[in-house]
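Please treat every number below as a calculation from the coordinates, not as lab data. The structure displayed is predicted, hence computed values, not measured ones. Heads up, the Cβs are rebuilt from the backbone with ideal geometry, glycines too, and the neighbour counts pull from every protein chain shown.
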Amino acid sequence: MEQYAYTLEMSVRDYECDMQGIVNNAVYQNYLEHVRHEYLKSIGVDFADYARRGINFVVVRIEMDYKLPLTSGDRFVVGLNMVRESRIRFAFHQGIYRLPDMKPVIKAKVIGTAMNAKGRPEIPSEVEQLLGSSEEKS
């Protein structure tokens, strides 16, 4: 497993599996999103507060490579690194690993930005500061 700034353990619930008995491909995006939100909360980014101020965080691109399917009851860990992608974009590099053998399940890159009250891309200054420190961690 790569070095990640943030990790979270989770487990597969029965209803997340398809008729083949494996996690439906779309569910992996839910896992990744949940970990992004938990990470951002852990560093002080409150989505509700930003939304009240007219700032909304959005995903603009997702790249996912599926390596190994998970099945009902599997435990897994999701890792995350957040880095600056460009002046107005940031990226989450994420991986999902099955426990306890740590076999890679998913490798993903999720690119996001923030939209200001006028609907234009703009990263808030508080988040700018966080991106500066997150680049050093990666």
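Structural remarks
- Residues of segment 106-130 with amide N under 16 Å of a point placed 7 Å along Cα→Cβ from TYR66: 106-109
- Between 0 and 90 degrees, the angle of helix 125-137 with respect to the longest Cα principal axis of the chain falls at about 50 degrees.
- Proportion of all alpha-carbon pairs of segment 57-130 beyond 22 Å (%): 37 percent
- Straightening the chain between THR7 and ASP49 buys 12.7 nm, computed as 0.36 nm per residue apart minus the Cα-Cα spacing.
- Charging the Cβ of each Asp and Glu at -1 and of each Lys and Arg at +1, and nothing else, the dipole of segment 42-138 about its Cα centre rounds to 260 debye.
- Summed residue charge, Cβ within 15 Å of PRO121's Cβ, Lys/Arg positive, Asp/Glu negative: +3
- Residues whose amide H lies under 5 Å from that of LEU70, counting only those 5 or more places away or on a different chain, are VAL23; hydrogens are built 1.01 Å from N in the peptide plane.
- Look at the dipole of the chain built from charges on Cβ: of ILE96, ILE111, ASN24, the Cα furthest out on the positive end belongs to ILE111.
- Nearest 10 degrees, 0 to 90: helix 27-42 Cα axis against the chain principal axis: 50 degrees
- From the C-alpha gyration tensor of segment 53-92, square roots of 5λ in Å: 29, 13, 10
- Equivalent ellipsoid, the chain (semi-axes from 5 times Cα gyration tensor eigenvalues, Å): 29, 16, 13
- Take every pair of alpha-carbon atoms less than 8 Å apart whose residues are at least six positions apart; their mean separation over the length of the chain yields a relative contact order of 28 percent.
- The packing ranking of peptides 30-41, 10-21, 64-75, highest mean first, is 30-41, 64-75, 10-21, where packing means the average number of other beta carbon atoms within 10 angstrom of each residue.
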